[in-house]
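Have a look at the structure below, then the notes.
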Amino acid sequence: MAREDNRRDRRERDEAPEFADRLVAINRVSKTVKGGKRFGFAALVVVGDQKGRVGFGKGKAKEVPEAIRKATEQAKRNMFRVALREGRTLHHDMEGRHGAGRVVMRTAPEGTGIIAGGPMRAVFEMLGVKDVVSKSIGSQNPYNMIRATLDGLKKETSPRLVAQRRGKKVADILPKRDDAAAAVAEEA
């Protein structure tokens, strides 16, 4: 019975929606031993379904393809969901930190595109974000940049979650468009 359940779980996992993956960095590392040097490879991969789920993984092996495979497997295990506004941008501005790495992410109007550097761009593309403005401050290490980006994304809350937590309706939380336009007109 247990074997049959394992087979069914494996089949369901294989039938899961296909994920896109992006190789962010590959490092050649060496270990000095008595006879010389032994080389290995470390890979950093970001995986996502481009519909609001993303994860990253690291893999080390003697050969590059094996390191990439290990990193991809780990990334699929570490995936989490991020609420997106209109399926294209973030709900609010946020900041993420990891070690010396700090990233700032801001929502953007439609048509802006992904304004982000290197590893952050890979995270946003795999997440399915189409419009975002971001800046990496501090560490340029791709591992720290990705961790800082994911730290910020984990802090994001949607209006639905805020309303649920406060016991209110979503309409009570979001500013009404007429009120926002009147406030802008008064300031001018």
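In table form, for the structure just shown:
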{"quantity": "Failed criterion for Arg102 (all others in (1) out of contact with any Leu (no Cβ under 8 Å at 6 or more places or on another chain); (2) at pLDDT below 90 hold)", "calculated": "(2)"}
{"quantity": "Tally, over the range 127-145, of residues that are of a type in the set (A, V, I, L, M, F, W, C) and touching a Phe, Trp or Tyr at 6+ places or on another chain (Cβ under 8 Å)", "calculated": "1"}
{"quantity": "The range 54-66, residues that are crowded, with 18+ Cβ neighbours inside 10 Å and farther than 19 Å from Asn141 by Cα", "calculated": "Val54"}
{"quantity": "Condition broken by Leu44, with the remaining ones in (1) over 16 Å from Met145 (Cβ atoms); (2) surrounded by 15 or more Cβ atoms within 10 Å (Cβ to Cβ) satisfied", "calculated": "(1)"}
{"quantity": "All positions within the range 130-188 that are modelled with pLDDT of 90 or more and aliphatic (A, V, I, L, M)", "calculated": "Val132, Val133, Ile137, Met145, Ile146, Ala148, Leu150, Leu153"}
{"quantity": "Residue selected from the range 84-94 under the condition touching a residue at least 60 places away in the same chain (Cβ under 8 Å) and assigned to a strand (DSSP E or B), by the criterion farthest from Ile146 (Cα to Cα)", "calculated": "Arg85"}
{"quantity": "Tally, over the range 21-38, of residues that are exposed (fewer than 10 other Cβ atoms within 10 Å of the Cβ), at negative phi and assigned to a strand (DSSP E or B)", "calculated": "5"}
{"quantity": "Members of the range 39-54 found to be part of a strand (DSSP E or B) and either at pLDDT below 90 or touching a Ser or Thr at 6+ places or on another chain (Cβ under 8 Å) (or both), listed by number", "calculated": "Phe39, Gly40, Val45, Val47"}
{"quantity": "Of all residues making up the range 89-134, the number that are of a type in the set (Gly, Ala, Ser) and either under 20 Å from Leu161 (Cβ atoms) or buried (at least 17 other Cβ atoms within 10 Å of the Cβ) (or both)", "calculated": "7"}
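Rundown of residues vs (1) outside the structural domain of Lys155 (by TED's automatic domain parsing); (2) touching a helix residue (DSSP H, G or I) at 6+ places or on another chain (Cβ under 9 Å), yes/no style:
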residue	(1), (2)
Lys31	yes, no
Gly55	yes, yes
Thr72	yes, no
Arg88	no, no
Gly99	no, yes
Val133	no, no
Gln140	no, yes
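The values are calculated or read from the model by the stated rules, or taken from the named source; none is laboratory data. Predicted, not measured: the structure shown is a model, and the values here were computed from it. Neighbour counts are summed over all protein chains in view; Cβ atoms, including those assigned to glycine, are modelled from backbone coordinates with ideal geometry.
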